[in-house]
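Right, one structure below, let's go through it.
FYI, it's all coordinate maths here, none of it is from the lab. Predicted, not measured: the structure shown is a model, and the values here were computed from it. Every residue, glycine as well, gets a Cβ built from its backbone with ideal geometry; the counts of neighbours run over all protein chains shown.
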Amino acid sequence: MDDLARQQMIERYKFPRFRGHLAHCDASYEDENPLCGDHVQMELAFDSAGKVSAAAFDGRGCTLSQVSADLLTEHAIGKTRPELQAVSKEDVLELLGVDNLGPNRIKCALLALKVMKAAVYGVDAPAG
């Protein structure tokens, strides 16, 4: 990752664009990575055409997990459930501007993807 991409990631971490909660959501889910303490909750609202009309996330954790959540939340707006179901690991890494992360860091980067897909598929949140 070059210095510009790193700086943009730090700015997005400090000033996330989609952190918060929706007044109404049609899908939500939250999960965490117990090994590092990252936590992400995502909320999605769908319009009458079945596209995401609003999205928000909340959470805590490292820069990668929180920036990934913010970018993925932004990416979700305007997409349908099938389009969100098709989002891949590679898509998330492209949004982040990284191409190679170690096994521990990849879990941080992909927590938001796991949360978004569980929300879209309607998975019940884990008890806890």
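Here are the numbers for the structure shown:
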| quantity | calculated |
| --- | --- |
| Residue count for the stretch 20-40, restricted to those that are closer than 17 Å to LEU110 by Cα, in a strand (DSSP E or B) and in contact with a helix residue (DSSP H, G or I) (Cβ under 7 Å, 6 or more places away or on another chain) | 7 |
| Residue among VAL87, VAL123 that alone is surrounded by 18 or more Cβ atoms within 10 Å (Cβ to Cβ) and not in a helix (DSSP H, G or I) | VAL87 |
| Residues satisfying the stated conditions in the stretch 52-84, i.e. part of a strand (DSSP E or B) and more than 24 Å from LYS14 (Cβ to Cβ) | VAL52, SER53, THR80 |
